[in-house]
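Worksheet: one structure, shown below.
Laboratory data are not the source of any read-out in this text; all were calculated from the coordinates shown. In this text the structure is predicted, and so the values were computed from the model without any measurement. Don't worry about glycine lacking a Cβ; one is built from the backbone with ideal geometry, like all the others, and counts go over all protein chains shown.
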Amino acid sequence: MNLGLGNLFWVVLQRDLLVAMRRWSDICNPVIFFVLVVALFPLALNPRAEFLRALAPGVLWIAALLAALLSLNQLFRADIEDGTMEQLLTLPYPLGLVILAKTLAHWLVTGLPVVVVAPLLAITYHLPADAIGILLLSLLIGTPTLSLLGSIGAALTAGLRQSGVLLALMVGPLMLPVLMLGARATDIALSGDDPTGPLYLLGALLALALSLAPPAAAMAIRISAD
Amino acid sequence: MARRRGGGFREVDLLTGTGLTLWRGANCLFDALSFSAAPGNALLIRGPNGSGKTTLLRVIAGLTLAEEGEVKWNGTPVIGCDNSGRHLMTYCGHATALKPELTTMENLRFFARLSGYPIRQIGELLVASGLAACADLPTRVLSAGQKRRAALARVFMSGAQLWLLDEPQTNLDSAGRQFLERMLQEHLAGSGTAVIVAHQSIDLGAAPVTVLQMGEAA
C-alpha cells in the first residue's frame, strides 16, 4: 500500500477538519442549540439555586445528547452527495478506519465545543466545582460514544432524503445508557459520593463503541451508497 | 505529463466479468453478461439511457453487488493494490468527488496523498488539464466542465491500471475532450485498461476497442 494506515487516518481527518472550518454554521449549530436549551430551563422553571443544582446533571446531559443527535444527520450526507464516498469506498484501505477518522473529525467540531462550554453553563446552575469536574469528565468520555453510536445510524440513513426523525428513533435508544450513566455520575458527585462506578462503565461503553461501531458503520455505508 | 512510475503493466492482467446478472425491481438490467478486457484495451459500454450502463460500471467497481456472477482482475477483486502498491482501479462517476468548500488544489492534494502521487507534480497536472488559473479557487465557483476536468485529473493521479469512467465527456469543451483523449491514449499505450461509458465518439488512438452494447442487444 502507498499509504500507512496511520497516515490514511490523518489524511482523512485533516481534510474533514478543513472542510468543517470552511463551513462555520455547521460547527456552530450543535453548540448554539446546546447553550439555548440549557439556558432556557432556568427561565421557565423555579430559579432557586438548590433546585437548579439538582436539575443540572440531567439538563446538561439531555441537551448534550440532543445536540449530538441534531448534528449526526450531516456526518456522511455531503460525502454521499458529492461522490467522495464512492472514492473512499473504492480505496484499497479498510473502510472502518476511514469511518473512524470521519467520526472523530465530526466529534471534534460538534461534540468537543459542547464539552468545552458545558462547565460554563454548569456554573450558572450553581454546580459545585468537584461536580463540574465529573460532569466534564463524563461528557468527555460520553460524547465520543454518542458520535460513534450515531455513526452507525447516520451510515444507515445517509442515502435517505428525510432521515432526521428516523435517525433519532434508531440511535436514540442506543444512546440511553450513555445518558443515564453520564447524568448519574454527575449526580453522584453532586451528592458527595464516589462516581467512579458509572465513569468506568462509561469508559467501557466508549471502548465497546470504538471497536464495534466503525466496522458496523462501514458495512452500513456500503449498503447506503449502493 | 509523464507516467508516474515507469514501465508497463504485467501482460497477464486481465479484467473479466462472467455471468453478471442484476435486476432492479421487475426490470432485468443485464442477464448473464460476460466481457473481458486485456491490458492496453478499452471496453466501451454503449446503450440507450436507462439500459444499465452506469450500474454495470458500479458493479465492476464493486460499489453495487451483482446478484450473480463476478468481476475479477486477473483472478483477484478490482479493489486492491498490485505488487508495487499501486491501486488497481479508479472509478470516476457522475459525481466529481470535489468538496465545494476546498480549492481545486486542496481537493486534488487529498487524492494525491491517498494514491501516492507526488504533491509537487499536481501543479503540472493542473496546467495540463487547463485548470492552472483555478488552482486556488474553491471548487464551488468552478463551472461544470472545470469540475469534470478536475475529476479527470484525479483519475490520472490515481496511477491505477484500470480506469472506470462514466460518461467522462460530459460538460467538456473541445480542449477538455482533447485532454481526456490524450490522457486515455497515454494510459492505454502504457498497457492500462479502461472501461468507458460513452455516448459520443471518443478517439482512443491505436488502442483496440471492444464495444459492449447494452439494452436491446443484451
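Give the number of residues within region B:16-56 that are among the β-branched types (Val, Ile, Thr), surrounded by fewer than 21 Cβ atoms within 10 Å (Cβ to Cβ) and assigned to a strand (DSSP E or B).
Here the count works out to 3.
Taking only region B:73-87 into account, find how many residues are buried (at least 16 other Cβ atoms within 10 Å of the Cβ), part of a loop (DSSP other than H, G, I, E, B) and facing chain A (nearest Cβ under 7 Å).
1
Looking for something surrounded by fewer than 16 Cβ atoms within 10 Å (Cβ to Cβ) and either within 14 Å of chain B (Cβ to nearest Cβ) or touching a Pro at 6+ places or on another chain (Cβ under 6 Å) (or both) - is there at least one such residue anywhere in region A:41-59?
no
Out of (1) hydroxyl-bearing (Ser, Thr, Tyr); (2) more than 14 Å from chain B (Cβ to nearest Cβ); (3) more than 16 Å from the chain's Cα centre (by Cα), the odd one out for residue A:71 is which?
For residue A:71, the failing item is (3).
When residues of region A:181-200 are filtered for being part of a helix (DSSP H, G or I), of a type outside the set (S, T, N, Q) and surrounded by fewer than 20 Cβ atoms within 10 Å (Cβ to Cβ), how many remain?
Looking only at that region, the number is 3.
Does residue B:70 meet the test of being among the acidic types (Asp, Glu), more than 7 Å from chain A (Cβ to nearest Cβ), surrounded by fewer than 19 Cβ atoms within 10 Å (Cβ to Cβ) and out of contact with any Phe, Trp or Tyr (no Cβ under 9 Å at 6 or more places or on another chain)?
On the way: among the acidic types (Asp, Glu): yes; more than 7 Å from chain A (Cβ to nearest Cβ): yes; surrounded by fewer than 19 Cβ atoms within 10 Å (Cβ to Cβ): yes; out of contact with any Phe, Trp or Tyr (no Cβ under 9 Å at 6 or more places or on another chain): yes.
Here the answer is yes, as residue B:70 does meet what is asked.
For a quick check of your reading: which helices (runs of 4 or more DSSP H) sit entirely within region B:89-168 and have at least 1 residues that are closer than 27 Å to residue B:50 by Cβ and more than 9 Å from chain A (Cβ to nearest Cβ)?
Values: elements: B:104-115, B:122-128, B:144-158.
In region B:89-168, the matching helices (runs of 4 or more DSSP H) lie at B:144-158.
In region A:88-140, how many are outside any helix (DSSP H, G or I) and of a type in the set (Val, Ile, Thr)?
Selection size over region A:88-140: 1.
Checking the structure you have, find out if any residue of region A:81-91 is touching a Ser or Thr at 6+ places or on another chain (Cβ under 8 Å), in contact (Cβ under 8 Å) with a residue 12 or more places away in the chain and of a type outside the set (Phe, Trp, Tyr).
Looking through region A:81-91, none of the residues is touching a Ser or Thr at 6+ places or on another chain (Cβ under 8 Å), in contact (Cβ under 8 Å) with a residue 12 or more places away in the chain and of a type outside the set (Phe, Trp, Tyr).
Is it true that residue B:170 is in contact with a Ser or Thr (Cβ under 6 Å, 6 or more places away or on another chain) and polar (S, T, N, Q)? Outline the logic, then answer.
Details: in contact with a Ser or Thr (Cβ under 6 Å, 6 or more places away or on another chain): no; polar (S, T, N, Q): yes.
It is false that residue B:170 is in contact with a Ser or Thr (Cβ under 6 Å, 6 or more places away or on another chain) and polar (S, T, N, Q).
Evaluate region A:141-158: report whether one residue or more is out of contact with any helix residue (DSSP H, G or I) (no Cβ under 8 Å at 6 or more places or on another chain) and not in a helix (DSSP H, G or I).
Scanning region A:141-158, I find no residue that is out of contact with any helix residue (DSSP H, G or I) (no Cβ under 8 Å at 6 or more places or on another chain) and not in a helix (DSSP H, G or I), so the answer is no.
Scan region A:1-47 for residues that are part of a helix (DSSP H, G or I) and charged (D, E, K, R) and jot them down.
From region A:1-47, those part of a helix (DSSP H, G or I) are A:5-21, A:24-44; that's our starting set.
Result: A:15, A:16, A:26.
Going by the conditions given, is residue A:98 more than 30 Å from residue B:86 (Cβ to Cβ) and surrounded by 22 or more Cβ atoms within 10 Å (Cβ to Cβ)?
Criteria not met by residue A:98.
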